[in-house]
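Remarks on the structure that follows.
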Amino acid sequence: MGVNLGFVVNNMLVLGIESSCDETGVALVQTHARGVPTLLAHALYSQIAMHQDFGGVVPELASRDHIRRVLPLTQEVLDASGKRLAEVDVVAYTRGPGLAGALLVGAGVACALGAALGKPVLGVHHLEGHLLSPFLSADPPEFPFVALLVSGGHTQLMRVDGVGQYAILGETIDDAAGEAFDKSAKLMGLGYPGGPALAHMAEAGNPAAYALPRPLLRSDNLDFSFAGLKTAVLVQAQRMVAAQAALHSGVPAPKAQANHGSSAGFELLPLELRADLAASTQAAIVEVLVKKSLIALKQTGLNRLVVAGGVGANRSLRTQLNAACAKRNIRVHYPELHLCTDNGAMIALAGAMRLQSGVQQATMRYAFDVKPRWPLDSL
Ligand code: KG4
Ligand code: ZN
């Protein structure tokens, strides 16, 4: 049974639940006759501290923690917005992509709430949430635009003509940009998730210190490849450790581990050297993202760029995109910094915008499934 959008789409309260990976997020948005829905409240619990000891996300622990957090966060959101659960009109949840067990928690809770309240539910694509999250910023974009979606698991350039109208222009053929940050950071002993830590360390370094590969940079197609970067970073880190050891004692450097953990001895190098490698790594990733975004804008003839996903929080990426786009009269839009990484607000928003635009109806079917793999352009 679908919701009749003709009359309920105004002043509708949409609860959103995100549980695709290592963040439990819940939010409440309100729709209006016109314009972007308003975010009334959102609450987030990050599992980063729990997974840190393991050097990455442990799926089973993630699922169990989502179970613990999701209802208290829902209550927190209701309290903060001054609304009652019974006033919620639609429950939206992340249906995929993500970790199957983690997704099942959000989907199960959303459908149970929907069934208990007698309200319809709506499964949302996680990446569509990221993509639409800049609409919650003070400077929201207008359709059409080119989107650069850079998260821990995805790197895509898209042409976006409206809600649900996504054409992929290019994407990574191996690692995502966030993965390139995280894997390089791990080699540098910066822990998990390494992106923000690497970015922080890079601030004190020289981005031109080491020449690292910028794969596919000169190709005209809009695909990315970041898998080679971590190997180049590892080789450079090993060279630096060996050079430092030779300089100080003549003792051979400890053997680096190629696949697991950090490059042995790298943490002991002087901070300036480590910062230089961090800055050079960031520069390689950022340069590719900026250049490919410019090519996409040129090819599509569009003059608006939307950047979304966790790596969109990267300050160097923002500075360089802003500078390059200002020169070409292109407007760049970002989500607010705290909504760049996973959150419930983007899921509530995407659910509300899909209902508003009529591309999807909420249903009273509470038998749920999740889609751990789910291409965005199949929506
Ligand atoms: O979008 P997101 O929260 O989760 C996924 O859907 O994957 O993105 C997480 C990714 C991680 O790889 C993380 O290291 C990266 O975003 N990230 C950053 C920064 N903040 C988060 N990478 C570089 N610089 C940052 N400031
Ligand atoms: Zn995400």
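The values are calculated or read from the model by the stated rules, or taken from the named source; none is laboratory data. Note that the structure is a prediction, hence the values are computed from the model and not measured. So basically every Cβ, Gly included, is an ideal-geometry build from the backbone, and we count neighbours across all protein chains shown.
Conditions (1) closer than 21 Å to residue 198 by Cβ; (2) in contact with a strand residue (DSSP E or B) (Cβ under 6 Å, 6 or more places away or on another chain), marked per residue:
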residue: 302; (1), (2): no, yes
residue: 306; (1), (2): no, yes
residue: 310; (1), (2): yes, no
residue: 347; (1), (2): no, yes
residue: 366; (1), (2): no, no
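Which ones in the stretch 202-229 are surrounded by fewer than 22 Cβ atoms within 10 Å (Cβ to Cβ) and not in a loop (DSSP other than H, G, I, E, B)? Of everything in the stretch 202-229, those that are surrounded by fewer than 22 Cβ atoms within 10 Å (Cβ to Cβ) and not in a loop (DSSP other than H, G, I, E, B) turn out to be 227, 228.
For the stretch 63-78, does any single residue satisfy the condition of being more than 29 Å from residue 10 (Cα to Cα) and either free of Cβ contacts under 8 Å to residues at least 12 places away in the same chain or of a type in the set (Phe, Trp, Tyr) (or both)? Looking for residues that are more than 29 Å from residue 10 (Cα to Cα) and either free of Cβ contacts under 8 Å to residues at least 12 places away in the same chain or of a type in the set (Phe, Trp, Tyr) (or both), one finds at least one in the stretch 63-78, hence yes. Filtering the stretch 268-290 to residues that are touching a residue at least 40 places away in the same chain (Cβ under 8 Å) and either over 20 Å from the mean Cα position of the chain (by Cα) or on the phi > 0 side of the Ramachandran plot (or both) leaves 271, 272, 274, 275, 276, 277, 278, 279, 280. Total residues in the stretch 171-192 satisfying the condition of being modelled with pLDDT under 90 and either among the aromatic types (Phe, Trp, Tyr) or crowded, with 24+ Cβ neighbours inside 10 Å (or both): the figure is 1. Residue count for the stretch 165-197 satisfying the condition of being among the β-branched types (Val, Ile, Thr) and away from ligand 2 (no atom under 16 Å from the Cβ): 2. Residue 148 satisfies every condition listed in (1) away from ligand 2 (no atom under 16 Å from the Cβ); (2) among the aliphatic types (A, V, I, L, M); (3) modelled with pLDDT of 95 or more except (1).
Within the stretch 5-25, the set of residues being within 25 Å of the chain's Cα centre (by Cα) and either within 16 Å of ligand 1 (Cβ to nearest atom) or at pLDDT below 95 (or both) comprises 16, 17, 18, 19, 20, 21, 22, 23, 24, 25. If you go through the stretch 153-164 and keep only what is within 14 Å of ligand 2 (Cβ to nearest atom) and either modelled with pLDDT of 95 or more or farther than 17 Å from residue 375 by Cβ (or both), you end up with 155, 156. Which members of the stretch 10-53 meet the condition of being hydroxyl-bearing (Ser, Thr, Tyr) and part of a loop (DSSP other than H, G, I, E, B)? Listed by number, the residues that qualify are 19, 20, 31. Just one residue in the set 103, 122 is touching a residue at least 12 places away in the same chain (Cβ under 8 Å) and in a helix (DSSP H, G or I); that residue is 103. Within the stretch 313-334, the set of residues being within 16 Å of ligand 2 (Cβ to nearest atom) and in contact with a strand residue (DSSP E or B) (Cβ under 6 Å, 6 or more places away or on another chain) comprises 334 only.
Could you identify the single residue in 118, 101, 82, 114 that is touching a His at 6+ places or on another chain (Cβ under 9 Å), of a type in the set (Gly, Ala, Ser) and farther than 15 Å from residue 350 by Cβ? The match here is 101. The selection criterion, being among the small types (Gly, Ala, Ser) and free of Cβ contacts under 8 Å to residues at least 40 places away in the same chain, does not hold for residue 92. Screening residue 221 with (1) in contact with a strand residue (DSSP E or B) (Cβ under 8 Å, 6 or more places away or on another chain); (2) under 17 Å from residue 311 (Cα atoms) gives one miss only, at (2). Taking the stretch 291-333 as the range and being under 13 Å from residue 145 (Cβ atoms) and within 12 Å of ligand 1 (Cβ to nearest atom) as the test, the residues that pass are 307, 308.
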